[in-house]
2 protein chains.
Amino acid sequence: MRLATFFLAAALSAGVLTSAATPARAAPADPQARAVAAIAASPAFKTAAATLAAEHERTVADIVTLTEIPAPPFKETERARAYAEMFRAHGLSDVEIDPEGNVLGLRKGAARDAVKRPLVVIAAHLDTVFPEGTDVTVRREGTKLMAPGVGDDTRSLAVLLAYVRALDAAKIRTRSDILFVGNVGEEGPGDLRGVRYLFTQGKYKDRIGAFFSMDGSDASRVVTGGVGSKRYRVTFKGPGGHSYGAFGLVNPMTAMAGAVQGLYRIEAPAAPRTTYSASVAGGGTSVNSIPNEVWTDFDMRSESAEALARLETQFRQAVDEAVAAENAARSTRFGPVSAEYVLIGDRPAGATPADAAIVRATLAAISAQGYEPQTQSSSTDSNLPMSLGIPAVTIGSGGVGGRAHALDEWIDVAQPESTRGMTAGLLALLAVAGVER
Amino acid sequence: MRLATFFLAAALSAGVLTSAATPARAAPADPQARAVAAIAASPAFKTAAATLAAEHERTVADIVTLTEIPAPPFKETERARAYAEMFRAHGLSDVEIDPEGNVLGLRKGAARDAVKRPLVVIAAHLDTVFPEGTDVTVRREGTKLMAPGVGDDTRSLAVLLAYVRALDAAKIRTRSDILFVGNVGEEGPGDLRGVRYLFTQGKYKDRIGAFFSMDGSDASRVVTGGVGSKRYRVTFKGPGGHSYGAFGLVNPMTAMAGAVQGLYRIEAPAAPRTTYSASVAGGGTSVNSIPNEVWTDFDMRSESAEALARLETQFRQAVDEAVAAENAARSTRFGPVSAEYVLIGDRPAGATPADAAIVRATLAAISAQGYEPQTQSSSTDSNLPMSLGIPAVTIGSGGVGGRAHALDEWIDVAQPESTRGMTAGLLALLAVAGVER
């Protein structure tokens, strides 16, 4: 149990105490819901929400500016530099690009106790799935913006800036410091490297008490479960040879086939949901050669770290048994078949309990904006803090969008829907960070 | 039993009768050996052999000229045109490029009965394995010529021209017409399309009684067995889906794995030698997706057409069973897994019996030049006639060479070795075609 868990409950109680002074209606039973209702009803928050609406076109302009700076996995630098400049222009303090490439900027909480209180982080990811050279020009048709990466997750980067402006305009002082983050490495190959650094090596690593990832559009969705994954490329190697002349020698393809078949004989539990897939295959040089080398990419996932670890053990056993079976079945006189594992993805599983303050506050904030909240499990930046026991949720940036990861990705910034979704997130953030009166 | 088999025996007996008039030493027991010895001892043949030696540099020049005309599979046209011109310049009659792209030129036999007698074909293949854009400039260092395709099979093309000049210089009239051929499509993707056309559609198809393929250098080697092959690309298709969200759906990768494992459970006979290989694999799009489509290239070979057909049946059974097993094991609610077969190679098996006249004559001719003859099975243009019961062998063009199919392919045209190998081939050809006195 880390400090974080304790902190969150305390902070949220504090939030309740702070802002529960002006309930006009019957107070909800849940303290988090009461806190949210109180903040929502406060004049300061109303000013903040009005600012989000008033500055809508500014936010849209930021979305366009940031989307048009390419940020392929491992090549987020240019966008990071621009985003850091924006953090500075917005008056955040301690703005920096950390050694992993994450952009960090602090909005200090109430001087009285902020330095002693754990940080609340709100992060959006800088990277997109699109490779270098992709045309990232934003095309606008009415309220629709079309460009690769515009919704996943560039819109969120702009929303974070809008939050800073709204809080400043409303002169809202939070009790906790809020660390605004534009992080690297959320998409596939990045393998959560940005948040991994933040939580395990970065200078704030021991101060973070709650984590919001803002990822995707849908404001009614809250990710409270982090589906963990382990991904391997397994390369099966052997001596190879002429398909006719060397017939009888071990074939790495047969070992690979045995491994796939072995994996698919494993019974994965339905709860906690645990899955696997043999997904991509390659290798071999010509039809008339026993291959020297073939490979398969394997994906394993689970809501439970234990179930994932158990599956991984069974999987490696299946691979090793297939290799041994092939070496027993055919001649190894020019060498045996072997399997080489390369870990190509490692996202820890985790979950934030349904009764955690951050979950209840976020659900209440979403409801307060008139949405029907949906909790779900997914694989997002929140996996990392969840796996460490740090309360975390992933929320949407508001508005509507579609075709994420496709070249025809789009978002709709129509009002008032766009601002309504943003307001839900801001409300959740404030409920968790606490608001000074 | 085709006419061909009868013809050959008859032609060879005729050859024996024709040239057995001047044996100086104890005549060999075997009639083919006697015929070879008689031809070898004849003044005309000695003139022909001397011409091969005298025109050595001309032959080398032709090798260089032809090698430097690129002839990738299915792109043999430019080389074919040049070769047809050379046939015309050498005075062959009925020179043409047939609809498949083979260059044909006739050297008429003795008028008396040649038109009634089946043809003897000697063929070299025009195509090389090298793709368009490969630098085919010949580099010469002393007697070594280096260039892609120089030995396989361009040298043979030049040797055929040398034979025409030698026969003309020696005023040798054969009893049978000899059809000189530069054929297309011997290498992998060509799949024997040149000789297939020659024997099944070309205008001489019903007249061919014996077939020599000259392929590669080694003059001591005679290919008398045609290893047949069937090659399939099997594409396994399924509905695909998200590796986590759609877990439980059928996976074509698992069917593919089952097919490979099933194939490798088949006991292939050691005699007639029969082999298989799962050689190349591919497919799938991303590690987090159940693939829509994966494929494997399979190679099956046998010295026996029956054994090959049996293996093919067992193989298809293994594939179909693997598909059925996968459809039974997992959900097909978005569609089942299926297998699609594309035949990517089909070389018929066959053999020319060890006691066939063409084999005995060729072995005797090779021995007469002082080599230790070696018979073997391989996959060459001779497969096609062998599969039709037409006596056929594949012989070498003489000299030494190496690194066929590699960019650093080379041959050595050092004398007298180079001419000695060529002479063996000419002797075999004459023994089969018969020589008029």
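Each value in this text was obtained by applying a stated rule to the coordinates, not by laboratory testing. Bear in mind that the values here come from a model prediction, so they are computed numbers and not experimental data. Using ideal geometry, Cβ is built from the backbone for each residue, glycine included, and neighbour counts are taken over all protein chains shown.
Ignore the peptide's own chain and count Cβ atoms of other chains within 10 Å of each Cβ in B:296-306; give me the average, rounded. Intermediate results must be reported in sequence, preceding the final value.
Values: counts 6, 8, 3, 9, 2, 5, 1, 1, 0, 0, 0.
Taking the mean over all residues of the peptide, I get 3.
Using the beta-carbon distance between B:Arg88 and B:Arg310 and R0 = 41 Å, what value does 1/(1 + (r/R0)^6) give for FRET efficiency, to the nearest 0.05?
On the way: r = 48 Å, r/R0 = 1.16.
After rounding to 0.05, the efficiency reads 0.30.
Does chain A classify as rounded, prolate or oblate by the C-alpha gyration tensor (a ≥ b ≥ c root eigenvalues; a/c under 1.5 gives rounded; else a/b over b/c gives prolate, otherwise oblate)?
Prolate, since a/c reaches 1.5 and a/b exceeds b/c.
Going 7 Å from the Cα of A:Phe334 along its beta-carbon direction, which residues of the stretch B:286-317 have the amide nitrogen within less than 20 Å of the resulting point?
B:297-303
Sorted from shortest, what are the nm distances separating the label point of B:Arg81 from equivalent points in the other copies, each placed 7 Å from Cα along Cα to C-beta?
The answer, with the shortest distance listed first, is 5.5 nm.
Does the stretch B:342-437 come out rounded, prolate or oblate, given a ≥ b ≥ c as the square roots of the eigenvalues of its C-alpha gyration tensor, rounded meaning a/c under 1.5 and, failing that, prolate meaning a/b above b/c? If you can, show how the numbers build up before the last one.
Numbers: a/c = 2.31, a/b = 1.09, b/c = 2.13.
Note, shape of the stretch B:342-437 comes out oblate.
Count, for each residue of B:242-249, the Cβ atoms from other chains sitting within 10 Å of its Cβ, then give me the mean as a whole number.
Values: counts 3, 11, 15, 4, 2, 9, 3, 1.
That works out to 6 on average.
Label point 7 Å out from B:Ala50 along Cα-to-Cβ: which residues of the stretch B:161-175 have amide N under 13 Å?
What the label zone holds, given the 13 Å backbone N cut-off, is B:169-171.
Does anything in the stretch A:221-247 have its amide N under 16 Å from the 7 Å Cα→Cβ label point of B:Ile344, and if so which residues?
In the stretch A:221-247, the label zone of B:Ile344 (backbone N under 16 Å from the point 7 Å along Cα→Cβ) covers A:243-244.
For a footprinting-style exposure proxy, rank B:Leu161, B:Leu179 by other Cβ within 10 Å, fewest first.
Numbers: B:Leu161 25, B:Leu179 22.
Starting with the residue having the fewest Cβ neighbours, the order is B:Leu179, B:Leu161.
Can you give the net charge of the other residues whose Cβ lies under 15 Å from the Cβ of B:Gly188, counting K and R as +1 and D and E as -1?
Values: positive: B:Lys75, B:Arg193, B:Arg196, B:Lys230, B:Arg231, B:Arg233, B:Arg301, B:Arg347; negative: B:Glu76, B:Asp127, B:Asp152, B:Asp153, B:Glu186, B:Glu187, B:Asp191, B:Asp215, B:Asp297, B:Asp299, B:Asp346, B:Asp381.
Summing Lys and Arg as +1 and Asp and Glu as -1 gives -4.
Straight-line reach from A:Lys46: which lysines fall under 16 Å, measuring Cα to Cα and dropping same-chain residues less than 8 apart?
Candidates past the 8-residue exclusion: A:Lys171.
Quick one: net charge around B:Gly91, please, counting Lys, Arg +1 and Asp, Glu -1 for every other residue with C-beta under 10 Å from its C-beta.
Once positives and negatives cancel, what remains is +2.
Students often forget the sequence filter, so: which lysines lie under 25 Å Cα-Cα from A:Lys230 once same-chain residues fewer than 8 apart are removed?
Result set, ordered by chain and number: A:Lys75, A:Lys205.
Measuring label to label, 7 Å along Cα→Cβ, what does B:Ala414 give against each other copy in nm, shortest first?
Once sorted, the set of distances for B:Ala414 reads 8.5 nm.
Using a simple charge model, +1 on the beta-carbon of Lys and Arg, -1 on the beta-carbon of Asp and Glu, nothing else, what dipole does the stretch A:91-194 show about its Cα centre, in debye to the nearest 20?
For the stretch A:91-194, the charge dipole is close to 900 debye.
Inter-copy label distances at B:Gln376, 7 Å along the Cα→beta-carbon direction, one decimal in nm, shortest first?
6.2
Just check the stretch B:168-322 against the gyration tensor rule for me: Cα atoms, a ≥ b ≥ c as the square roots of the eigenvalues, rounded for a/c under 1.5, and otherwise prolate or oblate depending on whether a/b exceeds b/c.
On the way: a/c = 3.43, a/b = 2.51, b/c = 1.36.
Because a/c hits 1.5 or more and a/b exceeds b/c, the stretch B:168-322 counts as prolate.
Nearest-5 percent of antiparallel DSSP beta bridges in the protein assembly as shown? It would help to have the intermediate numbers written out before the result.
Working: 105 of 149 bridges.
The answer is about 70 percent antiparallel.
Using a Gaussian network for chain A with springs between C-alpha atoms less than 10 Å apart, which of these wobbles most: A:Gly262, A:Gly225, A:Gly182?
Maximum among the listed residues: A:Gly262.
If the elastic network links every pair of Cα atoms under 10 Å, which of A:Ser229, A:Ser338, A:Ser387 fluctuates the most in the Gaussian network model of chain A?
A:Ser338
Provide the FRET efficiency to the nearest 0.05 for the A:Thr77-A:Glu321 pair, computing r from the beta carbons and using R0 = 30 Å.
Computed FRET efficiency for A:Thr77 and A:Glu321 comes out at 0.10.
What nm value, rounded to one decimal, do you get for the distance between B:Arg437 and A:Glu267 when each label is placed 7 Å out toward the C-beta?
According to this spin-label approximation, the distance is 9.0 nm.
Express as a percent, rounded to the nearest 5, the fraction of DSSP beta bridges in chain B (both residues included) that run antiparallel.
70 percent
If Lys and Arg each add +1 and Asp and Glu each add -1, what is the summed charge of the other residues whose beta carbon sits under 13 Å from the beta carbon of B:Ile395?
On the way: positive: B:Arg155, B:Arg221; negative: B:Asp153, B:Asp215, B:Asp218, B:Asp381.
In short, -2.
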